[in-house]
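The values are calculated or read from the model by the stated rules, or taken from the named source; none is laboratory data. For clarity, every value in this text was computed on a predicted model and none was experimentally measured. We place every Cβ from the backbone using ideal geometry, glycine too, and count neighbours over all the protein chains shown. Heavy atoms of the whole protein, side chains included, go into the accessibility calculation; ligands, DNA and RNA do not. Shrake-Rupley method; radii C 1.70, N 1.55, O 1.52, S 1.80 Å.
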Amino acid sequence: MNDADSLPVSDGQPVSKGRPIVEVRGLVNRFGAQVVHDGLDMNVYPGEIFGIIGGSGAGKSVLLRTVLGLRTPQVGSVEIEGVDITARTDEELTVIKRSYGVTFQQGALFTSLTVAENVELPLAEYRQLPEDVLRELALQKIRLVGLHDSAASKYPAELSGGMVKRAALARALVLDPKLLFLDEPTSGLDPISASAFDDLLLYLQKSLNLTVVMITHDLDSIFRTCNRVGVIVDRRMVSGTLNEMLAEQHPWIREYFHGPRAELARGAMKHDVSAATAPR
Amino acid sequence: MLIELDRREGKPVYRLLGAWRAASVRELDEAVTTVRIDGPGPALLDASGLESIDLTGAHFVERLSERLRAAGVDPGWEGSPPESVAFERATLSADQAKEEAEPAAQRSVLAVLGMWTVDSVAATRNALAFLGSLTVAFLRGLRVPRHLRIPSVVRHVSESGLQAVPIVALIAFLISVIVAYIGAQELQQFGGQVFVVDLVALSVLRELGVLLTAIIVAGRSGSAYAAEIGVMQLNEEVDALGAMGVNAVEVLVLPRVIGLVIALPLLTVIADAMGLAGGAVLSWLVLGIPFNQFAIRTQEALATTTFWAGLLKAPVFAALIALVGTYRGLQVHGSSRELGRRTTQAVVESIFLVLLADAIFAVVYWQIDF
């Protein structure tokens with residue numbers, strides 16, 4: 001019954017130190033002569049929302065694919081809850097892969113399945129369950145992400161962009177993971193939907209005590225939700241709280257956090273520091 | 001052991017034990033559906049023995065409560081319920097968001113018939129519109145050659161024609177060997193071996209060469225057309241073309257149709273040649289007819305029109321295959337399943353149409369004594 005003993009506070013401070021839930025050490029990823037990561041380190045602590053930032057081609061997606069175990073790095077280790085996933089067999093990886101949820105940039109919903117069938121899929125693959133139990137558990141997660149029950153029987157092609165992102169999140173959450181990876185969850189959404197998605201994320205993080213790692217370019221989203229951010233520059237990662245990042249001297253990071261868009265997003269946050277409310 | 005039934009102060013107490021998590025979802029389902037119910041009357045749920053519980057676990061707590069209530073038991077909590085149970089009840093339970101899906105409307109036979117008619121009429125109209133826009137694009141291409149997209153046509157002649165040469169040649173050769181072999185067996189019985197040459201030459205040039213080529217190309221290129229254009233539809237590439245003011249029919253359909261109309265007759269000539277070669281080889285091996293005699297006999301057996309009777313069909317078959325493939329490709333919308341369905345449809349329909357057209361050709365040739 002210790003699900004709620006370290007509720008995070010989204011005030012730009014690290015939630016807790018102690019043992020990281022995701023720990024990347026000395027990562028090297030190369031494609032031929034092109035070096036994407038060269039000795040990259042990353043720590044994500046339980047209960048925080050960690051944002052991964054970097055220019056186009058900086059290797060954010062490669063980093064995510066490596067952490068997910070979809071790609072084996074040339075050098076380095078990736079530990080999830082203390083288990084090094086780079087040195088595991090396929091069967092062991094399968095077990096680890098079920099302990100986290102992922103959403104992909106385009107949602108990656110299976111177009112031939114309804115939303116409910118999409119959400120049921122990880123559960124149905126995992127365990128044999130009666131039809132009605134599957135459907136009820138899927139509906140629970142569909143409601144959790146703020147979708148209406150009527151969306152359950154729709155096909156992905158019939159959903160709006162925001163609904164696709166939510167449905168993908170429901171599928172990622174169906175096995176009740178403690179760790180969630182999101183690849184650009186608010187890209188392509190209108191500001192209202194994006195802001196609603198931020199609310200949803202904060203709400204889920206607080207109520208389920210999730211740890212979230214997300215790649216994002218959305219400055220509003222970063223200032224709103226992230227406890228800490230990691231910036232990929234010069235093939236390594238510089239990470240810290242938002243305040244630390246604002247004081248960072250690296251030219252790319254300065255440009256990023258002090259550019260006109262960042263100033264606007266930061267200004268907006270000063271007026272709206274209210275905590276997240278339940279989405280719907 | 002996830003649920004334990006106890007009695008405390010005369011009341012049944014259901015003690016929840018262990019980890020109620022998604023990982024043990026099956027055990028949870030079993031425990032909740034098989035738990036012995038001690039009732040009716042008031043009862044208590046006790047979560048003090050729980051190690052951990054997540055939202056999946058909370059769902060099964062709700063299921064347990066429902067089961068108890070259905071049996072006339074009134075469950076209450078010993079102490080406070082776990083946080084996730086309270087969360088599930090407050091924000092996620094069914095009655096929070098339940099909206100019955102509208103019942104599938106009962107349709108009468110008449111309504112079904114009517115919808116089928118409307119669909120068929122719409123399908124015919126769409127097909128006509130497709131043919132119309134293709135004709136317009138072709139006529140414009142004749143006036144302004146730039147619109148014929150010659151480089152694209154060349155690409156399709158190469159992909160649908162040149163690259164199909166090995167398989168077409170091989171199959172034509174093998175089929176005519178089979179025809180010649182069966183013919184030889186039958187004709188030998190009354191000493192008419194030499195008529196094997198007539199059989200092979202006639203059947204290959206009039207029917208088999210062009211028909212086999214068309215069926216191979218329908219499977220190879222008809223499916224490729226549907227799949228290529230279908231994926232472009234899914235990626236909104238076709239819409240992008242439209243938004244640029246580029247005519248999608250002109251860019252995607254016309255070069256494929258023209259390309260195949262050029263390629264299929266050429267392939268047919270190759271198939272004819274390979275078919276005759278197959279017949280010649282078998283006649284020599286099995287019947288001992290030398291090649292030069294085979295050639296002479298072939299010339300005697302054939303009318304001058306026989307070769308053209310076969311070849312004339314090729315452009316028609318080509319147009320049918322290319323039209324069906326591209327049309328079905330353009331119809332893809334929404335999902336990957338749809339893509340597979342339309343591609344299958346393209347292949348099946350183009351083969352059917354090729355055979356139908358061949359039957360019509362046979363009747364017409366017979367009537368005009370060609």
| note | In the range A:118-129, anything more than 7 Å from chain B (Cβ to nearest Cβ) and surrounded by fewer than 19 Cβ atoms within 10 Å (Cβ to Cβ) is listed as A:Leu121, A:Ala124, A:Glu125, A:Tyr126
| remark: When A:Gln106 is run through (1) touching a Pro at 6+ places or on another chain (Cβ under 7 Å); (2) part of a loop (DSSP other than H, G, I, E, B), the failure sits at (1)
| Of A:Val133, A:Val119, which residue is within 20 Å of the chain's Cα centre (by Cα), aliphatic (A, V, I, L, M) and part of a helix (DSSP H, G or I)? | A:Val119
| request: Looking only at the range B:4-23, decide whether some residue is among the hydroxyl-bearing types (Ser, Thr, Tyr) and within 11 Å of chain A (Cβ to nearest Cβ). | output: no
| Counting just the residues of the range A:234-245 that are in contact with a Lys or Arg (Cβ under 8 Å, 6 or more places away or on another chain) and either at pLDDT 85 or above or not assigned by TED's automatic domain parsing to the domain that holds A:Ser221 (or both), which one comes out surrounded by the most Cβ atoms within 10 Å (Cβ to Cβ)? | A:Ser239
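For the range A:60-96, what are the residues that are of a type in the set (A, V, I, L, M, F, W, C) and within 24 Å of A:Asp176 (Cα to Cα)?
A:Leu63, A:Leu64, A:Val67, A:Leu68, A:Leu70, A:Val78, A:Ile80, A:Val83, A:Ile85, A:Leu93, A:Val95, A:Ile96
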| message | Given the condition within 11 Å of chain B (Cβ to nearest Cβ) and not acidic (Asp, Glu), answer yes or no: does some residue in the range A:83-91 qualify? | response | no
| Odd one out for A:Leu139, checked against (1) open to solvent by less than 30 Å² (accessible area, probe 1.4 Å); (2) within 11 Å of another protein chain (Cβ to nearest Cβ); (3) out of contact with any Asp or Glu (no Cβ under 8 Å at 6 or more places or on another chain); (4) outside any loop (DSSP other than H, G, I, E, B) | (3)
| query | Got a sec? Which of B:Phe190, B:Phe173, B:Phe138, B:Phe130 is free of Cβ contacts under 8 Å to residues at least 40 places away in the same chain and either open to solvent by less than 90 Å² (accessible area, probe 1.4 Å) or among the aromatic types (Phe, Trp, Tyr) (or both)? | reply | B:Phe190
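Here's the yes/no breakdown for (1) of a type in the set (A, V, I, L, M, F, W, C); (2) within 14 Å of chain B (Cβ to nearest Cβ); (3) touching a Gly at 6+ places or on another chain (Cβ under 6 Å):
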| site | (1), (2), (3) |
| --- | --- |
| A:Ala170 | yes, yes, no |
| A:Leu180 | yes, yes, yes |
| A:Leu189 | yes, no, yes |
| A:Ser195 | no, no, no |
| A:Ser221 | no, no, no |
| A:Arg224 | no, no, no |
| A:Val233 | yes, no, no |
| message | Given the criteria on the phi < 0 side of the Ramachandran plot and more than 32 Å from the chain's Cα centre (by Cα), does B:Gly288 qualify? | response | no
| said: If I filter the range B:1-58 down to residues being among the hydroxyl-bearing types (Ser, Thr, Tyr) and open to solvent by 50 Å² or more (accessible area, probe 1.4 Å), which single residue comes out as nearest to B:Val85 (Cα to Cα)? | reply: B:Ser48
| message | Out of the residues in the range B:322-361 meeting the condition of being within 14 Å of chain A (Cβ to nearest Cβ) and among the basic types (Lys, Arg), tell me which one is surrounded by the fewest Cβ atoms within 10 Å (Cβ to Cβ). | response | B:Arg337
